[in-house]
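Presented below is the structure to which this report refers.
What follows is calculated from the coordinates using simple rules that are stated; it is not laboratory data. Since the model is a prediction, treat every value here as computed from it, not as a measurement. Because the Cβ atoms are built from the backbone with ideal geometry, glycine has one as well, and the counts that use them run over all protein chains shown.
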Amino acid sequence: MNTWVRSRRSENSLGAEREHFDKQQLSSISKAINSTETPVKEKHARRIILGTHREKGAYTFWSYSLGFPLASSSILSWKFCHVLHKVLRDGHRNVLQDCMRHHSSLVEVGKMWAHLHDKYGQLVGLYTKLLCTKMEFHTKRHTIPPNLEITDEDLERAAGTDINNVFQLTVEVFDYMDGELRLAETVIRQLNTSIAISSLTSGQCRLSPLIQVIQDCSQLYHFTVKLLFKLHACLPADTLQGHRDRFHDQFHSLKTFFNKARDMLYFKRLIQIPRLPDTPPNFLHAASLAKHKKLVVVIPDQDEQEQPDDDDDDPEPLIDVGSPAPVALASQPSVDMFDKAFGPPNGAFDDRDLQIDNLKRDLELLRAELERVKAEAQRYITQLKSQINSLEAELEEQRAQKQRALLENEQLRMELESTRRRNAEHEGLQVTFLEAEKRAQASEQRYNMLKDKHTELVASHAELLRKSADTVKMLSVTQQTQEEVERTKQQLSFEMDRIRQEADMRMEEQKFEMDKLRRELEEKRTEMMRIKSSLQNTEQASEQMSSSMSALQAEKERLMRSVSEKEAELSSLRQSAQLQQSSLQQEKEKSSRELGELQSKLHQKTSQEEQLKQKLLEEQFALLQGTVSEAENIIQDAVAKIDDPLHIRCTSSPDYLISRAEAALSSIDSLKRGHSDYMRNMSDAGGLVRALTQFSHLTADTIVNGSATAHMAPTDHADRLTENCRSCATQSLQYLQDLKAKVSLQRADPASVRIIIQKILHLGQELRPKGMDVRQDELGDLVDKEMAATSEAIEEAVRRIDEMMNQARKDTTGVKLEVNERILNSCTDLMKAIRMLVMASTDLQKEIVEGGRGGASIKEFYARNSRWTEGLISAAKAVGWGATELVDSADKVVLHTGKYEELIVCSHEIAASTAQLVAASKVKADRSSKRLSTLQQASRYVNEMAANVMASTRTGQENLEEKDTMDFSGMSLIKLKKEEMESQVKVLELESLLENERLRLGELRKKHYEVAGVPLEQLSDDNGLGPMAPASPKASKPALMKKPIVAQKPSIAPKNMFK
């Protein structure tokens, strides 16, 4: 009995302790995570983190956090992400595993907020991506803890020796860093564009998570530098060019983020942000690793007690010391109550119970003391860690100084080697200088020899000058006798020079006279030479000299007369030449002025022509750009229609798609010709503009009709066709983007667009319906036969419905008779509407044949339009078959051997068949035809009657089905649980059957598509019911086919086993 009492007391104590822990955790979580725009308080986050260490996991945190309405408040989601980040960094090591269990829900929350236009919503989307990346990274790299505090040796072991693993780890670290930087940049950008600043609570609410971001980024930056240096030691530099570019972008982003955060007052008292170097490390130089310093982030100690705020109604210490004591003291009254009820054992109270209670109290006190000591030790550990970080920073600095000293030693060694080389070169220069000095001495000797030779030449020259002076003296006597002759000679020479100057100025007609005078002067010169020679013998021929002097005088007079005559003629010629020269000068000046004016006008005309030509080029290019922009809008509008919900009901035939694709291909050829013509002559962009307009419209038409054709194609073909349509739009927009810029205009090529359109053309050819095994000359007769057979089938259906109506009135009474009459009457109305539709279609076909056959016969017209004829035949067969099946289903329903769903499905099918017949009939009809409007009215009437059949069928089914009331009042809890499990099993079985039947339906529709071919046109909005059209594999599922909601397990409070 005592043992049971002690165990009961221990269980009560543990239960009370657990209840207090849960209450404390719930209080901290609710105060830390709320919708108030204030930062998360550190004491609440510490309590949550200590709670994860106490229970060795985050089960309690997640159990309370899942109850928060994260989808209703973006601020609540933001603070939840902040607390989760803290728990991941500083919580127990098992927290990561607990968080990975909720990875998918975290992703859904991020996606939901990312799509909303809310500032906090954008931040929540980025923060959830970062947290998911963090959890995935540390789950994969379990050797690296979530707080990223790891030594370089552990990082080397985590990277391993396989260079591929190092490469992959570097990429993952890059992605990790990108998530951190995107979040930080978005937060700072919102603060810069909003009123909130770091001193307000709204700004602090956004900034507080950046403390953990700064701690993560400092470690990730160190990891990246180490890994990149290791990669550059093993791989060539060209292979790692992308890694270097990505690191440089992250380096500049991280530096900008740290600088902005360092300037904010909010961070100055909470964290010491390290400084990055001015330039990123040079990974191509291995010695740069020594200059790298590990970034150390220091969180200052917050010893001062935080002030209790308004929401802390019961502020408690981190470790509750006094809570176990009341529990222990409360155990004594429970013992007394037990003794009062049953009495003490053996007639007296056992002292050991009191000792046990005292020991328990002492144990609780010691446990509280131990918790206090642990908290103190944790604080000391935190301080020691900060000291270790600072010492590690100093150690890194010492290592860097050591590396710098080694580098300086290496530089000094290199300088010593260069000095030695310079000394060797200096010795070589000294040897060269001695050789040059020897050559200079030899040159000086040669100079002395040349100087002596020059002295001898000067002496011989002086001797020759003396001999020349003697010769002059000898000739002086002869010169005295020749003075008169010399004077005469001088006069004659003067006159001859004057005559020569005047003769040079004469015109071409005076050249002959001047030549004659020269010859005479030469003769006189020869005579003078003879006279000079005769004067040397003056003693012998003095008489001859006197006679020659007289002759010379006479000759002189004659020459003077002739010279005067020539001077007169020359003066007259000079005057005439001056007159001519002045007139020529005037003409020349006038011509030069006119030439200058003409040149200035020509220059102006040339500049104007250049300006007009440049303006024309700019206008043509602007016209081209406008056309390209309009073409982009057309193609973008076509792409938007692919995802437009209103476009889902639009359909097209493969034949029309093929015609559009072929036209688009031909427009690409004309586009290439226009592009080449424009590149040859950029002043005329008309051909290219026309080709671009045609290309954009035909390409957009191909995209729209391709998407519409995909709505009626099998799943595989529809997916490929839709993807090719999107690729066609993408390639077309890329080609148009190349045409926009002058740089890429030359290399713009629509070859990729041609390839995609050819793929669309090939898919359209694959989707074309298979031809019927009927000769073309028999198609006309076959159309008439099928239309007649359809009319007969409808008449037969009406007759059978009348028979069933009469039989139902005989066999049934009451509600069943009323239901059967309503169903059969609606079927009769539907058959009458179909008969009217067939008659209207027959009249329209006759009008089409008469208007389109021309001089040909009816059979030739049907043979020429064989595909349209085959569509008519297929539609007529479908209408006849649908009428027969509808009557059979109605018969079964009336006789209670069939299902109401069969009648509903037959109504769908017959409405779709009549819609096919209408579409096939109006393909070639004139839009303004009255018979076409009559056919459309008949089609709408058929749809209304089909809807009446379905409505009467559903109403009859509801009236005849008996619904049992579900009464569970007499069932026990176990019985209800058993029935619930059986119901869930049945629901799962039905869901499995439903999925299998859906797959079978899809395969049947695919096979029907392959055998029967594509219908010509699907029902449009004005002549068909949307839900009754034959659903393609891409169509949305009807409401009846949706998966039912599985019943949820009821929440039942657990029973207390001790009550």
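Taking θ as phi - 60° and the Karplus parameters 6.51, -1.76 and 1.60, the scalar couplings of segment 689-703 work out to 5, 4, 5, 5, 4, 5, 4, 5, 5, 5, 5, 5, 4, 5, 5 Hz in sequence order, x denoting glycine and proline. Cβ-Cβ distance of residue 445 and residue 410, R₀ of 56 Å, FRET efficiency by 1/(1 + (r/R0)^6): the value works out to about 0.55.
How would you classify segment 557-699 from its alpha-carbon gyration tensor, with a ≥ b ≥ c the square roots of the eigenvalues: rounded for a/c under 1.5, else prolate if a/b is greater than b/c, otherwise oblate?
Here segment 557-699 falls in the prolate category.
For the peptides 803-809, 214-220, 663-669, 434-440, residues were scored by their other Cβ atoms within 10 Å and the scores averaged per peptide; the highest-first order is 214-220, 663-669, 803-809, 434-440.
Computed from backbone phi, the HN-Hα couplings of segment 749-763 come to 9, x, 5, 5, 5, 4, 4, 5, 5, 4, 5, 4, 4, 5, 5 Hz, rounded to whole numbers (Karplus: 6.51 cos²θ - 1.76 cosθ + 1.60, θ = phi - 60°; Gly and Pro given as x).
For segment 1-158, just say rounded, prolate or oblate: build the C-alpha gyration tensor, square-root its eigenvalues into a ≥ b ≥ c, call rounded for a/c under 1.5, and beyond that prolate if a/b exceeds b/c, oblate if not. Verdict is oblate for segment 1-158. Placing unit charges on each Cβ (+1 for Lys and Arg, -1 for Asp and Glu) gives segment 552-666 a dipole about its Cα centre, and among 592, 620, 652 the Cα reaching farthest toward its positive end belongs to 592.
Treating r as the C-beta distance of residue 940 and residue 766 and R0 as 30 Å, the FRET efficiency rounds to 0.30. If only the Cβ of Lys and Arg carry +1 and only the Cβ of Asp and Glu carry -1, the dipole of segment 1-154 around its Cα centre is close to 400 debye. Working note: Karplus 6.51/-1.76/1.60 with θ = phi - 60° gives segment 428-434 the couplings x, 5, 5, 4, 5, 5, 5 Hz, where Gly and Pro are set to x.
Could you give the length gained by full extension between residue 201 and residue 56, i.e. 0.36 nm per residue of separation minus their alpha carbon distance, to one decimal place?
Difference between extended and current length: 48.9 nm.
Length gained on full extension, residue 455 to residue 516, computed as 0.36 nm times the residue gap minus the Cα-Cα distance: 16.6 nm.
Paramagnetic label reach from residue 22 (point 7 Å along Cα→Cβ; backbone nitrogen cut-off under 14 Å): within segment 44-76, residues 59-65. Taken along the Cα-to-beta-carbon direction at a fixed 7 Å, the label points for residue 579 and residue 996 span 13.3 nm.
The packing ranking, built from the mean of other Cβ atoms within 10 Å per residue, places the peptides 589-601, 623-635, 62-74 in the order 623-635, 62-74, 589-601, highest first. Overall, segment 595-661 carries a charge dipole of about 160 debye about its Cα centre when +1 sits on the Cβ of Lys and Arg and -1 on the Cβ of Asp and Glu, all other atoms neutral. Fully extending the segment from residue 391 to residue 116 would add 94.3 nm, taking 0.36 nm per residue of separation and subtracting the current Cα-Cα distance.
Please sort 695-702, 269-276, 40-47 by packing, taking for each peptide the average over its residues of neighbouring beta carbons within 10 angstrom, highest first.
In descending order of packing, they fall as 695-702, 40-47, 269-276.
Rounded to 0.05, the FRET efficiency of the residue 162 and residue 743 pair, given R0 = 41 Å and the Cβ-Cβ distance, is 0.40. Think of each Lys and Arg Cβ as +1 and each Asp and Glu Cβ as -1; about the Cα centre, that makes the dipole of segment 896-935 roughly 400 debye.
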